[in-house]
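Written below as structure tokens is the structure these notes are about.
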Amino acid sequence: MATLGDIGVAATINILSAFAFLSAFAFLRIQPINDRVYFPKWYLKGLRSRSLHTGAFVSKFVNFDFRSYLRFLNWMPAALQMPEPELIEHGGLDSAVYLRIYLIGLKIFIPIACLAFAVIVPVNWTNKTLEHSKLKYSNIDLLSISNVPLGSNRHYKLSVKAKALQALNGQIFWIHLVMAYTFTFWTCYVLKREYEIVAAMRLHFLASEHRQPDQFTVLVRNVPPDPDESVTQLVEHFFLVNHPDHYLTHQVVSNANKPSELVNKKKKMQNWLDFYQLKYSRNPSQKPSMKTGFLGLWGETVDPIDFYTSKIETLKKEISLERDKVMCSSKSVIPAAFVSFKTRWGAAVCAQTQQTRNPTLWLTDWAPEPRDVYWDNLAIPFVSLTIRRLIIFVAYFFLTTFFMIPIAIVQSLANIEGIEKALPFLKPIIEVKVIKSFIQGFLPGIALKIFLIFLPDILMLMSKFEGFISRAALGRRSATRYYIFQFINVFLGSIITGTAFQQLDNFMHQSANDIPKTIGISIPMKATFFITYIMVDGWAGVAGEILRLKPLIVYHLKNFFLVKTENDREEAMDPGAIGFNTGEPQIQLYFLLGLVYAVVAPFLLPFIIVFFALAFVVYRHQVINVYNQEYESAAAFWPDVHGRIITALIVSQLLLMGLLSTKEAAQSTPLLITLPMLTIWFHRFCKGRYEPAFVRYPLQEAMMKDTLERAREPNLNLKSFLQIAYIHPVFKEVEESESDPASEESDQEPVLIPTKRQSRMNTPLPSKHSGSMTSLG
């Protein structure tokens, strides 16, 4: 069990690690050779075309301006100086709102920490419960609620001073109760205020956003089969009948996964061709060679330039054939389509209403923006999605369950006695004070971090298998699963397994009635483990993010072996993205820990505050200078953020209720029942008041934007703007070269649609079988 000294050792290690990362970053970022690694966003925006350093050849690689080394920390104030409106324009609303999550953490926990250290810590410190108990504890646990005596101290022989404290025992728990109410009300106030601000930011962003294809487009899925018409004819027919004044054009979805795979394969071949061509150009006297076998270890020796040139030409032909096959084959057509409308108002009506009597057919929703579409999943039949989600649910259940094994291993590392019993030959080494402090204060946190490294990738693969059709939806689902996983395994699992390891002797030698009391006292004592994890993950981990060691190495390797032109150099940059699917669940874990331990073990709060402050500065810098936004959802994720903080608040209240019940605080415990009820009511209020701004687009806003656009651009040819917006990237180049703007018809002309469908009474469209020709209108 980590003591105050162990935490001090861990803090020293992590502070030095963070300082080393930040110092290395401050040095590397001012070197001209690394300019594209640490400022890629400015290059991608075209606002920075070369290094700012000029002069001698060597100065293009190394910075000889010693004054810049004296100002190596100026990136911190620079990251905070950009105003939020400018940040939104520069990095997008998603990034700006994501950064507000860190600000919420500071707004919530700084006042809570001040109040907790002023009121709760002195109350906990002045009691002697742990000294009189047989439990294993450390000196830092004396600051937690575990040190507050039970409702009746009949088990202990008390001194006169202790008896005087016993008389105040009931009042002590009333103090914790009042603090729980205070912390809840303050958290809810901050959440309401932020929800209101973010909702207003979203509506303002949508109102002021430039014209985008997704504003006019809906995704239609589960188009029913028709024996008389193809999918494209059926879609056009349906929307001309049911949305005659607003339908503009559509693009049927095709399964282009095969040519897409070939295109990716061709890109890899092209990289190898570029590598060998560059190698040959640098040393023309020595012609390169390679073996065609596995990893180039065996096989026929060939000229790599000729080999890859031939392979690429073959792939080009295969891609062309597969592309033609997809475009001509009806089997490749998916019963789904992107349908575009003449106005945002028309798109909003279609996206937010039921299209037919059968609610399972002609399902409409807002289309993701084109760069947000995950094309591979559009080919998945809609009817198979339920089965896929059931499979993933089962797989996720087993993943979560079996991950308790690594959690138990991590908790065993935090228990020195357990290690000594399992490996007695290590006892002389482990008992060395510095090594013991390192094992208890640092090793468990870093071990847990290592076990979690591959988890986000696994969860993202699960989300892709489920069939979500946008990258934003994939990120949100993956984030939800990561949060649940961390709640069950990292939080509850660490508490349960850690308590079992630390208090195993007590469990074996006490009655079953006393076990809940032991658990109640032990839960606050697990705060020391979470402190070590916060320092590893939240301090050193965040500082390591800004160093960008992997992108730095990869860029210079590509720059040396593959880059021939400025375009190649730009492609070698890896700006990355903010990583909502991993970053947001990490933040939510800290919200959970902070709210749970605010009343029971407030000494954890300063470590969380340091994380939020450091992360806010680091990620703001990254958003400004590094990250290139993959898509823009206009902060659609905010209801998830709000809901998870509310969940953390309710969990903290329920755990406090259980904890006080084990402390025999019979009078104060029932009053805590009101807190979860009030919190749930608050959540329902916010859900009804603010969430609609994130799931529906007001028709009033759509009409205002349409009216302004018609006034400003009366001759806008919207059809040419939308016609190829949602074509699969494999076909987009062909469509762009073949499109003829002069052939576009006026959007306002009436359209006559021939159909093979049998004539129906309610269909005003012409039918070849009925012999009637009725125009729309």
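The residue of the stretch 232-267 that is farthest from the chain's Cα centre (by Cα), among those that are aliphatic (A, V, I, L, M) and farther than 25 Å from Arg323 by Cα, is Val241.
Here is a yes/no grid of residues against (1) at pLDDT 95 or above; (2) out of contact with any helix residue (DSSP H, G or I) (no Cβ under 6 Å at 6 or more places or on another chain); (3) closer than 20 Å to Glu466 by Cα:
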site	(1), (2), (3)
Trp345	yes, no, no
Cys350	yes, yes, no
Pro359	no, yes, no
Asn377	no, yes, yes
Ser384	no, yes, yes
Arg389	no, no, yes
Ile409	no, yes, no
Asn415	no, no, no
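Taking the options Leu115, Leu142, Leu150, name whichever one is at pLDDT below 65, over 30 Å from Ala577 (Cβ atoms) and assigned to a helix (DSSP H, G or I). Give the steps one after another, and end with the answer.
On the way: Leu115 fails: at pLDDT below 65; Leu150 fails: assigned to a helix (DSSP H, G or I).
Selected residue: Leu142, the only one of Leu115, Leu142, Leu150 that is at pLDDT below 65, over 30 Å from Ala577 (Cβ atoms) and assigned to a helix (DSSP H, G or I).
Taken over the stretch 187-203, the criterion of being closer than 15 Å to Ile646 by Cβ and surrounded by fewer than 16 Cβ atoms within 10 Å (Cβ to Cβ) is satisfied by Tyr189, Arg193.
Answer yes or no as to whether Glu709 is farther than 25 Å from Phe487 by Cα and acidic (Asp, Glu). So Glu709 fits the description; yes. When you check Leu716 against the structure, is it at pLDDT below 95 and either buried (at least 20 other Cβ atoms within 10 Å of the Cβ) or out of contact with any helix residue (DSSP H, G or I) (no Cβ under 9 Å at 6 or more places or on another chain) (or both), yes or no? Here the answer is no, as Leu716 does not meet what is asked. Residue check: Val349 meets all listed conditions (1) under 14 Å from Arg221 (Cα atoms); (2) within 32 Å of the chain's Cα centre (by Cα) but one, namely (1).
Residues of the stretch 288-325 that are at positive phi and in a helix (DSSP H, G or I): Leu295, Gly296. Of the residues Ser254, Ser285, the single one that is on the phi < 0 side of the Ramachandran plot, touching a residue at least 60 places away in the same chain (Cβ under 8 Å) and among the hydroxyl-bearing types (Ser, Thr, Tyr) is Ser254. For the stretch 606-636, which positions are farther than 16 Å from Leu87 by Cα, hydrophobic (A, V, I, L, M, F, W, C) and surrounded by fewer than 23 Cβ atoms within 10 Å (Cβ to Cβ)? Passing the criteria: Ile609, Val610, Ala613, Leu614, Ala636. Residues in the stretch 328-353 that are over 16 Å from Pro381 (Cα atoms) and among the basic types (Lys, Arg) were compared, and the one that is surrounded by the most Cβ atoms within 10 Å (Cβ to Cβ) is Arg344.
Return the total of residues in the stretch 219-251 being outside any loop (DSSP other than H, G, I, E, B) and either without any contact (Cβ under 8 Å) to a residue 60 or more places away in the chain or within 27 Å of Asp372 (Cα to Cα) (or both). Reasoning before the result, please.
Within the stretch 219-251, the subset outside any loop (DSSP other than H, G, I, E, B) is 219-221, 231-242, 247-251.
If we keep only those that are either without any contact (Cβ under 8 Å) to a residue 60 or more places away in the chain or within 27 Å of Asp372 (Cα to Cα) (or both) as well, we get 219-221, 231-236, 238-239, 247-251.
Of the residues in that region, 16 qualify.
Being surrounded by fewer than 19 Cβ atoms within 10 Å (Cβ to Cβ), within 26 Å of Phe561 (Cβ to Cβ) and within 40 Å of the chain's Cα centre (by Cα): is that true of Asn222 here? Against the criterion (surrounded by fewer than 19 Cβ atoms within 10 Å (Cβ to Cβ), within 26 Å of Phe561 (Cβ to Cβ) and within 40 Å of the chain's Cα centre (by Cα)), Asn222 does not qualify.
Among the residues making up the stretch 551-607, none is closer than 21 Å to Phe487 by Cα and among the basic types (Lys, Arg).
Report whether or not Val373 is at pLDDT 95 or above, under 24 Å from Ala472 (Cα atoms), buried (at least 16 other Cβ atoms within 10 Å of the Cβ) and not basic (Lys, Arg). No: the conditions fail for Val373. Annotation note: Cβ proximity below 7 Å between a residue of the stretch 10-26 that is in the same structural domain as Val536 (by TED's automatic domain parsing) and a residue that is among the hydroxyl-bearing types (Ser, Thr, Tyr) (sequence gap 6+ or interchain) occurs for Ala10/Thr532.
Of everything in the stretch 268-291 that's under 17 Å from Phe560 (Cβ atoms) and basic (Lys, Arg), which residue is nearest to the chain's Cα centre (by Cα)?
Taking the stretch 268-291 first, the residues under 17 Å from Phe560 (Cβ atoms) are 271-283, 288.
Subset that is basic (Lys, Arg): 279, 282.
Details: Lys279: 40, Arg282: 43 Å.
Ranking the qualifying residues of the stretch 268-291, first place goes to Lys279.
Checking the conditions here, which among Val223, Val263, Val231 is modelled with pLDDT under 90 and in contact with a Pro (Cβ under 9 Å, 6 or more places away or on another chain)?
Details: Val223 fails: modelled with pLDDT under 90; Val231 fails: modelled with pLDDT under 90.
Exactly one of Val223, Val263, Val231 is modelled with pLDDT under 90 and in contact with a Pro (Cβ under 9 Å, 6 or more places away or on another chain), namely Val263.
The values are calculated or read from the model by the stated rules, or taken from the named source; none is laboratory data. Keep in mind that this is a model prediction, so the values were computed, not measured. Glycine also receives a Cβ, built like all others from the backbone with ideal geometry; neighbour counts cover every protein chain displayed.
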